[in-house]
Amino acid sequence: MLFLTRLSLNLRNRQCQRDLANRYELHRTMLRGFPQALPADERILYRVEEDARSGGVTILLQSLNLPDWQALPASYLLQPAEVKPFPVAFSAGQMLHFRLLANPTRRIKTPPSAEGDESSSKRVGLLKEEQQLQWLSRKAPACGFQLIGVRSAKQPDVIGWQNNGKDSRRLTFQSVLFDGVLQVTEPDLFTQALKNGIGPAKGFGFGLLSLAKAG
C-alpha cells in the first residue's frame, strides 16, 4: 500500500514562494508531514505541477507511510491536503498510462586534479530528445516494464541551493516530462521501481512515477 497526497499551494504565502524557488527547501518542508526520524523503508517522492491555464501549482507526493500535514506553515495551502491510499498490485502484461518527471543524466569520468586526487565521475545532463528517450528505454527492463509509446517535453530547469554552514551552492537540474503507455513485464521489479522512484535527484522533485489504467 502507498499513500498519494495532493497539495494545492497558496502562491501568496511567502514560505511557499521561497520553497518553489529552492527545491532543497521545498523537500525539507515536505518532510514536515512525517516523523523527524523517518522509518527505514520510507521513500518520499514528489512532483510539482503547474496548471498553465489557471497558474495554480500543486504538489503530488507519494509515501509508504500515512502523512500528517498539520505541521505545514500556516496558510501554506489553499485547501486541506487530499490523501488517499493506493493499492500496489500489478500483473505481467498489464498496460498503464504513466507520467514521469525525470532528470536524465549519464556519468562521465573526471581527470585527476592538479593536487593529485584520483579521477572520479560526475553526472551530466542528456540534452537531446533522442538521448532522453533512450535513457528511459534503458531504465525500463531493470524497472520491470517496457515502453509501448512515450513522448517527452523539456521543462524549466529545477533550482536548489545547498547550504553547508559556510556558503551556499547553487544546483541546477535539467527537467524532462515523460508521458506515455507502458506494459508491466516483472511485477516485483515494477513495484520496487514505483516505490523507489526512477532516476537521480529525487529529493529535488524527480522520479515519481504516476500511473492510470490504460483503456
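The values are calculated or read from the model by the stated rules, or taken from the named source; none is laboratory data. Just so we're clear, the structure is a prediction, and the values are computed from it rather than from any experiment. Here the Cβ is made from the backbone with ideal geometry for all residues, glycine too, and neighbour counts use every protein chain on show. SASA here: full protein model, heavy atoms, side chains in, ligands and nucleic acids out. Shrake-Rupley method; radii C 1.70, N 1.55, O 1.52, S 1.80 Å.
Answer yes or no as to whether residue 6 is in contact with an Asp or Glu (Cβ under 7 Å, 6 or more places away or on another chain) and surrounded by fewer than 17 Cβ atoms within 10 Å (Cβ to Cβ).
Considered against the rule, which asks whether it is in contact with an Asp or Glu (Cβ under 7 Å, 6 or more places away or on another chain) and surrounded by fewer than 17 Cβ atoms within 10 Å (Cβ to Cβ), residue 6 comes out as yes.
Just give me the residues in segment 85-97 being under 19 Å from the mean Cα position of the chain (by Cα) and either within 13 Å of residue 30 (Cα to Cα) or open to solvent by less than 50 Å² (accessible area, probe 1.4 Å) (or both), in sequence order.
Scanning segment 85-97 gives 88, 96.
Which one is modelled with the lowest pLDDT, of the residues in segment 45-73 that are within 17 Å of residue 175 (Cβ to Cβ) and not charged (D, E, K, R)?
52
Looking at 155, 174, can you tell me which residue is of a type outside the set (Val, Ile, Thr), open to solvent by 30 Å² or more (accessible area, probe 1.4 Å) and farther than 19 Å from residue 31 by Cβ?
One residue alone meets the criteria, 155.
Identify all residues within segment 1-32 that are among the hydroxyl-bearing types (Ser, Thr, Tyr) and either without any contact (Cβ under 8 Å) to a residue 12 or more places away in the chain or in a helix (DSSP H, G or I) (or both); write none if there are none.
Within segment 1-32, 24, 29 qualify.
So is residue 52 open to solvent by 70 Å² or more (accessible area, probe 1.4 Å), outside any strand (DSSP E or B), among the small types (Gly, Ala, Ser) and over 30 Å from residue 129 (Cβ atoms) or not?
Criteria not met by residue 52.
Among the residues of segment 57-84, which ones are surrounded by 14 or more Cβ atoms within 10 Å (Cβ to Cβ) and over 22 Å from residue 1 (Cβ atoms)?
Result: 57, 58, 72, 73, 76, 77, 78.
Could you check segment 193-210 and list, in sequence order, the residues that are surrounded by 18 or more Cβ atoms within 10 Å (Cβ to Cβ) and under 13 Å from residue 61 (Cα atoms)?
Correct list: 194, 197, 202, 203, 204, 205, 206, 207, 208, 209, 210.
Can you confirm whether segment 28-36 contains a residue that is among the charged types (D, E, K, R) and open to solvent by less than 10 Å² (accessible area, probe 1.4 Å)?
no
Can residue 46 be described as touching a residue at least 40 places away in the same chain (Cβ under 8 Å) and assigned to a helix (DSSP H, G or I)?
no
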